[in-house]
1. Please work out the C-alpha center-to-center distance from the range 70-91 to the range 191-250 and express it in whole Å.
2. Skip the ligands, DNA and RNA, and give the accessible area per residue of the range 35-266 with a 1.4 Å probe, whole Å².
3. At a Förster radius of 25 Å, what calculated FRET efficiency corresponds to the Cβ-Cβ distance of residue 136 and residue 111, to the nearest 0.05?
4. Going by average Cβ density within 10 Å per residue, which order do the peptides 223-230, 250-257 take, highest to lowest?
5. Give me the percent of accessible area attributable to carbon and sulfur for the range 35-266, probe 1.4 angstrom.
6. Which residues among the range 95-117 fall inside the zone where the amide N is under 16 Å from a point 7 Å beyond the Cα of residue 264, along Cα→Cβ?
7. Which residue, 45, 240, 28, has the largest displacement toward the positive end of the dipole of the chain when charges sit on each Cβ (Lys, Arg +1; Asp, Glu -1)?
8. Divide by every residue of the chain the summed helix terms, -39500 (n - 2.57) for each DSSP H run of at least 4, and state the resulting mean residue ellipticity at 222 nm, rounded to the nearest 500 deg cm²/dmol.
Amino acid sequence: MTTIAARVVPVPVRLGGGRHLVERNFLLYRRSWVVFISGFFEPVFYLLSIGVGVAHLVGAFTLSDGTKIAYAAFVAPAMLASSAMNGAIFDSTYNIFFRMKYAKLYDSILATPLRPWDVATGEVTWALLRGAIYSAMFIVVMLIMGLVSSWWALVALPAAVLIGFAFAGAGMALTTFMRSWQDFEFVQLTIMPMFLFSATFYPVETYPGAIRWLVEITPLYQGVVLERAFSTGNVSWFLLIHAFYLAAMGTFGMYVASRRLGKLLLK
């Protein structure tokens, strides 16, 4: 009983246990590299169809500070933030639910000295590594298309990783409450409005007061603000608030996920 109770505690006694899960996922996807790489193309297609196609109809775009940029340069950072969100959500919800409910992977893992916190850190780390690769490739596309106007874009990759961390932690925590595949409809019901309305395709100033306030407290909006600021060079100290929001969201999500995994699998 004491051993089980100790393994449910989310604070690890030693660090690095999650690396075994990262290694397992790497070996799995090494044989399915086409599936791994395919996740990169979705945001690129969005950028080409909306950011480039629609850009010919919109023309130049004026930011809140008066700076004029191409519409594609306005949309591209939001696509980067959305890509980080979608990649993290996919890895931390559908994949984890299958491994937990059907493959029974975590039952086997927790029969070893590894604990729920190791599972949480391992899965979130893998989601971040995968998201970082997608984000780096997307930033290269932005550079090739001339959609980056500042050296601050070098920080866009760490910002994308932070966005992925926030959504991976939250997604994994929510997955532990899922009862069936039908529950994932609520995930899409949440993700799609955030993608469409988090100042992705037009400025947040477009909304009336109450709706604008609602948009500004959504997680994706924090990421869009960070990526757009770094890609355009419009950087200020207020960005730290957005970064803290995302860091707190991911950390709390991992805490909840580790506690829930302990309760579900160490009965």
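The values are calculated or read from the model by the stated rules, or taken from the named source; none is laboratory data. Here the structure is a predicted model, which means the values were calculated and not measured. In this analysis, Cβ positions are derived from the backbone assuming ideal geometry, glycine residues included, and neighbour counts consider all displayed protein chains. Ligands, DNA and RNA are excluded from the accessible area calculation, which covers all protein heavy atoms including side chains. Shrake-Rupley method; radii C 1.70, N 1.55, O 1.52, S 1.80 Å.
1. With the range 70-91 and the range 191-250 each reduced to a Cα centre, they are spaced 12 Å.
2. For the range 35-266, the per-residue accessible area is 46 Å².
3. The value I calculate is 0.10.
4. Working: 223-230: 26.0, 250-257: 20.4.
Ranked from most to least packed, the peptides come out as 223-230, 250-257.
5. 73
6. It comes to 95-111, 115-117, nothing else.
7. Going by the charge dipole, the pick is 28.
8. Value at 222 nm, helices only: -20500 deg cm²/dmol.
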